[in-house]
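Just below is one structure, and these are the notes that go with it.
The values are calculated or read from the model by the stated rules, or taken from the named source; none is laboratory data. Given the structure is predicted, the values throughout are model-derived calculations rather than measurements. FYI the Cβ positions are ideal-geometry reconstructions off the backbone, even for glycines, and counts take in every protein chain you see.
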Amino acid sequence: MSPIETLLGQMTLAEKLGQLSMAAEGAAVTGPASAADPTEDIRRGAIGGMLNLYGAERVRQRQQLAVEQSRLGIPLLIGLDVLHGHRTLFPVPLAEACLFDPQAWEMTAREAAREAARDGVALTFAPMLDVSRDPRWGRGVEGPGEDPLVAMRFARAKVRGFQGSDPAAADSLGAVAKHFCGYGAVTAGREYASVDICERTLLEVHLPAFAAAVQTGAVAVMPAFIDLAGMPMTAHAALLRGRLRGRLGFDGVIISDYNSIAELVQHGVAADLGEAAALALRAGVDIDMVAGAYRQGLPTALERGVVDMESIDAAVRRVLRLKEALGLFADPYRHCRPAEEAAALTRRRQLARQVAARAIVMLTNRADTLPLAPTTGRLAVLGPLADAAAQMRGPWWSAAIESDCVSVLAGLRAALPHAQLLHARGVPIEGADPAGVAAALEVCTQVDAIVLCLGEAALMSGEAASRARLDLPGEQRGFAEAVLERAGALDKPVIVVLFAGRPLVVPWLTERADAVLAAWFLGSEAGNAVADVLLGHTSPSGRTAVTWARDAGQVPIHYAQRPGGRPADPNNHYSSGYIDVPVQPLFAFGHGLGYGRFRLSDLRVSPAVVRPTDAIEARVTLVNDGARTARETVFLFTHDRLASVARPTLELKDWASIELRPGERATLELRVPAEELRFLGVDLEPVFEPGEVEILVGPCADRTQLLSACVRLAVA
Ligand code: NOJ
């Protein structure tokens with residue numbers, strides 16, 4: 001008998017339910033707090049895992065209780081939300097998505113794992129893979145943006161990065177792919193609301209990233225809080241057991257979200273904890289996070305005969321196997337190690353700075369306002385986000401402390417030690433306090449250029465942070481308009497650095513400012529990264545992974561729309577659109593400027609006739625006509641113009657990027673295995689249909705900027 005079976009054979013029901021129960025240490029941040037001291041529960045074997053606990057010593061103490069004082073000595077599973085770094089923060093995931101660089105995505109996850117694993121953590125509740133097309137929803141910041149292919153590549157990179165080549169290694173974390181599935185489509189962008197999407201959208205848009213995470217070996221999956229068409233995901237047997245375990249072959253652990261098994265009662269599908277626990281277990285959920293529903297409810301469910309011991313044993317077996325896979329039986333303290341050498345930290349900070357600079361998306365840059373001249377003598381650094389180190393962390397910060405984060409003001413001071421930097425906050429992020437406006441306007445008169453740092457507070461996105469209004473919060477718009485007016489009168493450039501966990505709806509700002517950088521939340525090195533871009537040490541190369549709306553009424557918004565029978569046409573009244581705002585977004589998916597000037601030409605696509613086993617190769621010539629070295633990213637979209645089911649007018653299939661010096665020319669190659677031109681047919685099964693497919697290549701999802709060619713698909 002295997003050691004796990006032997007252990008299982010020795011366990012009482014209470015100990016089994018303990019293995020299925022995860023408790024929260026200390027103050028919980030994402031739901032009702034569990035105030036109780038877990039010591040006794042750990043000793044009794046009534047808790048099998050803990051979240052929100054980190055720090056080598058603290059974890060060691062808890063682990064000792066489990067290993068040395070509980071009857072069976074089973075180690076605890078320690079989980080934490082390590083989304084984009086632990087002590088060192090990289091840009092928030094939505095910002096990182098804008099790199100379009102799987103290698104970088106993997107590297108930052110690896111570094112996050114190294115730091116968190118040393119701090120006693122074994123499992124991260126990441127990557128978050130919810131495709132989000134509605135900027136009202138605050139949690140878009142935690143994920144890879146609006147596109148399923150980006151989400152898939154992000155999923156693979158992150159799982160590889162967190163888990164390394166072996167999740168049991170002392171510097172690896174187990175990855176929990178979340179939130180399965182469709183959470184990004186909450187009704188009206190309202191947090192925790194119901195989701196009503198069709199099966200096609202679920203399968204084509206929301207599921208692929210989870211399939212990719214599972215194929216890459218993610219050890220766990222977390223179902224979302226939401227209900228899908230009336231069935232709460234925590235009880236969704238068809239999707240958890242049927243799709244995830246059945247069709248995708250996932251044999252890892254399914255861990256509930258925070259308190260979500262108990263919330264089946266609130267959903268209105270369970271009368272009490274007994275029913276809730278039975279529904280979740282039968283659907284395939286192994287670990288109950290914080291609700292206490294398995295411990296309290298499963299004994300009742302057993303008595304009622306609505307669950308059986310085999311299902312409980314199967315769940316315990318999966319949890320024990322996970323602990324084994326994470327190396328916890330071999331060495332329960334493997335994740336509790338002394339602090340690293342300073343050199344490792346320095347290297348990590350360098351990576352954080354590079355990635356943060358590359359995550360910045362330059363939305364506009366009129367008359368080459370940026371980069372600022374290195375000789376800039378007097379600079380105004382204005383706005384509520386200018387000197388706001390804590391905000392740079394974004395809504396999840398794991399163990400990162402404020403004093404380790406670099407504000408824009410500090411970054412610019414370090415980069416321009418001889419310049420005169422004048423700072424004024426102007427107004428607070430939220431609320432009305434115009435007292436500082438006059439001083440800020442006065443500063444404008446004394447400088448050569450103005451860097452205006454505006455945006456959201458870190459906690460205005462993330463969990464439980466949906467917004468119905470997508471403009472700048474508080475009094476910032478009035479303040480920015482006053483600065484723009486004053487600067488205009490003085491003929492001084494205004495460069496806006498916009499921090500936010502979503503694409504804000506600010507056409508008035510991008511139309512009037514001389515340059516706008518979308519800086520999302522860039523993590524520990526934010527200010528240095530912003531300075532690197534402002535001063536031209538790094539040419540901005542971020543490309544927006546989400547479409548920017550020009551009006552909140554356009555959301556949800558994304559590029560991959562189907563044409564409909566009356567496609568948008570400004571010259572035709574009876575076509576899809578609005579009578580009061582244009583149908584086009586403010587900035588298309590993929591948009592992002594740099595300090596180079598790229599010209600694309602000569603798209604060559606082969607083979608002309610594509611069979612299912614072929615790969616389509618597209619080559620395009622790229623020239624940097626600008627005066628600076630810069631990186632360009634080129635996207636390849638397809639449009640299957642005639643199919644049994646209407647297809648989106650653009651579907652992303654590949655991208656590539658290259659850095660070119662001034663005047664340099666190169667050929668960029670993109671590749672799409674024909675397999676990826678399969679789509680879900682009328683019966684929602686994948687089909688490869690013969691016919692013509694358009695291949696469109698260019699800098700973003702704006703059709704007017706794309707080069708196009710056609711291939712013919714043939715089955716034989
Ligand atoms: C609730 C969130 O939805 C989830 O993403 C997170 O992992 C858990 N809380 C634990 O913090």
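Side notes on the structure shown:
- Helices (runs of 4 or more DSSP H) fully within the stretch 293-367 counting 1 or more residues that are surrounded by fewer than 21 Cβ atoms within 10 Å (Cβ to Cβ) and among the acidic types (Asp, Glu): 293-304, 309-325
- Total residues in the stretch 437-474, condition buried (at least 16 other Cβ atoms within 10 Å of the Cβ) and over 25 Å from Glu191 (Cα atoms): 12
- The set of residues from the stretch 665-684 being part of a loop (DSSP other than H, G, I, E, B) and touching a Pro at 6+ places or on another chain (Cβ under 6 Å) comprises just one member, Arg678.
- Residues of the stretch 285-321 satisfying the condition of being within 16 Å of the ligand (Cβ to nearest atom) and either farther than 19 Å from His236 by Cα or touching a helix residue (DSSP H, G or I) at 6+ places or on another chain (Cβ under 8 Å) (or both): Val285, Asp286, Ile287, Asp288, Val290, Ala291, Gly292, Ala293
- Entry remark, the stretch 221-255: residues being outside any helix (DSSP H, G or I), closer than 25 Å to Lys323 by Cβ and more than 15 Å from the ligand (Cβ to nearest atom) number 5 in total.
- Arg512 under 17 Å from Leu94 (Cβ atoms), buried (at least 18 other Cβ atoms within 10 Å of the Cβ) and charged (D, E, K, R): no
- Here Ala116 meets each of (1) within 16 Å of the ligand (Cβ to nearest atom); (2) of a type in the set (Gly, Ala, Ser); (3) outside any helix (DSSP H, G or I); (4) under 30 Å from Ile42 (Cα atoms) with one exception, condition (3).
- Residues (outside any strand (DSSP E or B) and within 12 Å of the ligand (Cβ to nearest atom)) located in the stretch 128-140: Leu129, Asp130, Gly138, Arg139
- Considered as a group, the residues in the stretch 586-633 that are assigned to a loop (DSSP other than H, G, I, E, B) and small (Gly, Ala, Ser) include one that is farthest from Leu504 (Cα to Cα), and that residue is Ala608.
- Cβ pairs under 8 Å, 6+ apart, first in the stretch 63-84 and over 30 Å from Trp397 (Cα atoms) and more than 16 Å from the ligand (Cβ to nearest atom), second assigned to a loop (DSSP other than H, G, I, E, B) and of a type in the set (A, V, I, L, M): Leu72/Met11
- Checking each residue in the stretch 417-452 for being part of a loop (DSSP other than H, G, I, E, B), acidic (Asp, Glu) and farther than 20 Å from Met392 by Cβ picks out Asp433, Asp448.
- Sole residue being part of a helix (DSSP H, G or I) and at pLDDT 95 or above, chosen from Ala218, Ala193, Ala177, Ala211: Ala211
- Total residues in the stretch 191-220 satisfying the condition of being away from the ligand (no atom under 14 Å from the Cβ), of a type in the set (D, E, K, R) and under 18 Å from the mean Cα position of the chain (by Cα): the figure is 0.
- Hits in the stretch 51-62 - residues which are within 16 Å of the ligand (Cβ to nearest atom) and not hydroxyl-bearing (Ser, Thr, Tyr): Leu51, Asn52, Leu53
- Only helices (runs of 4 or more DSSP H) whose full extent lies in the stretch 453-571 are considered here, and the ones with at least 3 residues that are over 18 Å from the mean Cα position of the chain (by Cα), within 16 Å of Cys98 (Cβ to Cβ) and of a type in the set (A, V, I, L, M, F, W, C) are 526-534.
- Residue match in the stretch 391-399 (condition: surrounded by fewer than 24 Cβ atoms within 10 Å (Cβ to Cβ), assigned to a loop (DSSP other than H, G, I, E, B) and small (Gly, Ala, Ser)): yes
- Cβ pairs under 6 Å, 6+ apart, first in the stretch 102-130 and of a type in the set (S, T, N, Q), second within 16 Å of the ligand (Cβ to nearest atom) and not in a helix (DSSP H, G or I): Thr124/Val82; Thr124/Leu173
- Looking only at the stretch 698-712, residues that are closer than 13 Å to Arg543 by Cα and among the polar types (S, T, N, Q) come to 0 in all.
- Hey, Leu281 closer than 14 Å to Ala237 by Cα, surrounded by 24 or more Cβ atoms within 10 Å (Cβ to Cβ) and away from the ligand (no atom under 16 Å from the Cβ) or not: yes
- The stretch 257-268, residues that are more than 15 Å from Gly297 (Cα to Cα), part of a loop (DSSP other than H, G, I, E, B) and within 16 Å of the ligand (Cβ to nearest atom): Asp257, Tyr258
- Considered as a group, the residues in the stretch 167-188 that are of a type outside the set (A, V, I, L, M, F, W, C) and within 16 Å of the ligand (Cβ to nearest atom) include one that is nearest to Pro332 (Cα to Cα), and that residue is Gly174.
- Test result for Leu622, closer than 22 Å to Met362 by Cα and either in contact (Cβ under 8 Å) with a residue 40 or more places away in the chain or in contact with a Pro (Cβ under 9 Å, 6 or more places away or on another chain) (or both): yes
- Test: Phe125 is modelled with pLDDT of 95 or more, within 14 Å of the ligand (Cβ to nearest atom) and either closer than 30 Å to Phe329 by Cα or not β-branched (Val, Ile, Thr) (or both): yes
- Listed by first and then second residue, the pairs with beta-carbon distance under 7 Å, at least 6 apart or on different chains, first residue in the stretch 184-199 and loosely packed, with under 15 Cβ neighbours inside 10 Å, second at pLDDT 95 or above and acidic (Asp, Glu), are Thr187/Asp196.
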